1. For a 27 Å ceiling on Cα separation, which of these pairs sit above it: 199/245; 7/164; 101/164; 7/101; 92/245; 57/199?
2. Which residues in the range 228-256 have a backbone N closer than 15 Å to a point placed 7 Å from the Cα of residue 25 along the Cα-to-Cβ line?
3. Relative to the present Cα-Cα distance, how much length would full extension add between residue 145 and residue 161 at 0.36 nm per residue of separation?
4. Multiply the residue gap between residue 169 and residue 86 by 0.36 nm, knock off their C-alpha separation, and tell me the result in nm, one decimal place.
5. Taking the Cβ of each residue in 173, 39, 197, 112 as the centre, tally the other Cβ atoms inside 10 Å and list the residues starting with the fewest.
6. Going highest first, how would you order 239-248, 139-148 by mean Cβ packing within 10 Å?
7. Test of the criteria: in the range 24-63, which chymotrypsin sites (Phe, Trp or Tyr not before Pro) are in a DSSP loop and have at most 15 other Cβ atoms within 10 angstrom of their Cβ?
8. Where does each of 267, 31 land when they are ranked from fewest to most other beta-carbon atoms within 10 angstrom?
Amino acid sequence: MDLTKRKNDAINANGNHFVNGATSNIAITTHGSDWYFAVCAVMFVSTIAFAGLSFTKPRSHRIFHYITAAITMVAAIAYFTMGADLGETGIKPEFIRTNSKVAGNLREIFYVRYIDWVITTPLLLMDLLLTAGMPWPTILYTILIDEIMIITGLIGALVTSSYKWGYYTFGCVAFLWVAWTVTWTARKHAAAIGPDVSKTYLICGVWTIFLWFLYPIAWGLSEGGNVIAPDSEAVFYGILDILAKPVFGTLLLWGHRNIEPSRLGLHIRDYDDPMPGGLERKSEKDIGNGHHNSGVADNTATTTGASTV
Ligand code: RET
């Protein structure tokens, strides 16, 4: 078999199965599919690299490697899906255009993109906000608002009337809240930990918020306004995703190379590490028997032990 002659068959195998008796579709071509597969390869190689780098650290120091590898792993699968011309549906555009690149009565909307984002944007925020040593309730709340941003973006993309812009507006307001937390509140937390943490946080935080501002613009031109063709949409989101995931991940892990997770409040124990505070590890036997004290007295003894070490 001559591999050089093999063609990308995805559009033929999976594409343009729109129902509703559509007469014309606005969908990706083989070029778009090739590009999606190329981005899939970038995400896959990055995942191997981030996961491989985790082995250079003890297990208790791998949290940022694992989060970052998970982000590109999910993206690789989403990009495989889009390259295969799957994970999409045809939606009637609000604005019917005459330009041949975007003329038609159904536009291909990749809902798999939002399944990717609803998983990966919270992980990106965890990478950032854990670096800043943020309290966990703030992290959870910010992730919830981020999920509102992504899900309203998905609903807006699937709505055919002008009401889609209502969802878009909700998404933009949610994004402004996230951007505020990242650029203001978390920046102050990071600065309080030390100059190295502050520098890493600033580089990754500014990079993120700058890039994230461009996503609603891509949405407005693609799913929203039907201004650019699905192949151009692929390039726009693809470049943003490469910068926001593998490039961001590289900057973040590089920044973390000399930062102890415990300085960020992340006290993670491996099974063979000493107990925190120099306490003895207790066996079942010690806890259950051999003491005439009540549980309360036992606690007191433990606390005293900790404070004298
Ligand atoms: C939408 C439309 C609704 C308004 C806003 C949006 C923002 C999306 C963002 C996505 C970021 C994705 C990333 C993916 C990972 O690679 C949903 C497009 C504000 C900011 C970083």
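1. On the way: 199/245 19 Å; 7/164 37 Å; 101/164 22 Å; 7/101 23 Å; 92/245 31 Å; 57/199 22 Å.
Cα-Cα > 27 Å for 7/164; 92/245; rest within.
2. Hits in the range 228-256 for residue 25 at 15 Å: 230-231.
3. Working: separation 16, 0.36 × 16 = 5.76 nm, distance 2.47 nm.
Fully extending the segment from residue 145 to residue 161 adds 3.3 nm.
4. Stretched fully, the residue 169-residue 86 segment lengthens by 27.1 nm.
5. On the way: 173 13, 39 25, 197 21, 112 18.
Listed from fewest to most nearby Cβ atoms, that is 173, 112, 197, 39.
6. Per-residue Cβ counts within 10 Å, averaged per peptide and sorted highest first, yield 239-248, 139-148.
7. Values: sites: 35, 36, 37, 44, 50, 55; in loops: 55.
Here the sparse-neighbourhood loop sites are 55.
8. On the way: 267 10, 31 13.
Ranked by crowding around the Cβ, least crowded first: 267, 31.
Each reported figure results from applying straightforward, stated rules to the coordinates on display, with no laboratory input. A quick note: this is a predicted structure, and the numbers were derived from the prediction, not measured. Neighbour counts run over all protein chains shown; Cβ positions are idealised from the backbone, glycine included.
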